[in-house]
Amino acid sequence: MTIASGLEGIQCKDCGFRVIELSISCPSCGSDHIEPVLLKETGTIYTFTIVHVGFGHMAERAPYVLAIIKTDDDLKLTTILEDLSDFDSVAIGKKVRYKRTDEKIGPIFQLV
């Protein structure tokens, strides 16, 4: 399932459910009639935490912001935020946009 670069997800052709995780079937209705879609690349911070001690491949990134983002097409996903001048600039409700996808981390966002 490959489409143009951007924030990718799937959409069920039967029920219309959208999700960011790539899957072989719809997590909502179980249908296997799914297709890759580009999702909206903007959203807001739903909640976040500052991770001071990372583990595994994330240990070298610490400290970093781990956030749950609510995209403008109403999906929630866990991500990290990059390109922050300081952690005080992060707040619930702040606007974010998709930056890139890291194969070990997943989608990465930044403040608008």
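Could you check the range 28-66 and list, in sequence order, the residues that are among the hydroxyl-bearing types (Ser, Thr, Tyr) and either at pLDDT below 95 or not in a loop (DSSP other than H, G, I, E, B) (or both)?
Correct list: 28, 42, 44, 46, 47, 49, 64.
Right, residue 21: closer than 20 Å to residue 104 by Cα, modelled with pLDDT under 95 and not hydrophobic (A, V, I, L, M, F, W, C) or not?
For residue 21, the condition - closer than 20 Å to residue 104 by Cα, modelled with pLDDT under 95 and not hydrophobic (A, V, I, L, M, F, W, C) - is met.
Quick one: in the range 90-103, which of the residues that are in a loop (DSSP other than H, G, I, E, B) and over 13 Å from the mean Cα position of the chain (by Cα) is surrounded by the fewest Cβ atoms within 10 Å (Cβ to Cβ)?
93
Given (1) hydroxyl-bearing (Ser, Thr, Tyr); (2) outside the structural domain of residue 89 (by TED's automatic domain parsing); (3) surrounded by 15 or more Cβ atoms within 10 Å (Cβ to Cβ), identify the lone condition not met by residue 28.
Of everything listed in (1) hydroxyl-bearing (Ser, Thr, Tyr); (2) outside the structural domain of residue 89 (by TED's automatic domain parsing); (3) surrounded by 15 or more Cβ atoms within 10 Å (Cβ to Cβ), residue 28 misses just condition (3).
Scanning the range 67-89 for residues that are in contact (Cβ under 8 Å) with a residue 24 or more places away in the chain and more than 15 Å from residue 50 (Cα to Cα), which turns out surrounded by the most Cβ atoms within 10 Å (Cβ to Cβ)?
Residue satisfying both the conditions and the ranking: 71.
Which condition does residue 14 not pass, out of (1) modelled with pLDDT under 95; (2) not in a strand (DSSP E or B), if it passes all the others?
Result: residue 14 fails condition (1) only.
The values are calculated or read from the model by the stated rules, or taken from the named source; none is laboratory data. Keep in mind the model is a prediction, meaning the values are calculated, not measured. Neighbour counts are summed over all protein chains in view; Cβ atoms, including those assigned to glycine, are modelled from backbone coordinates with ideal geometry.
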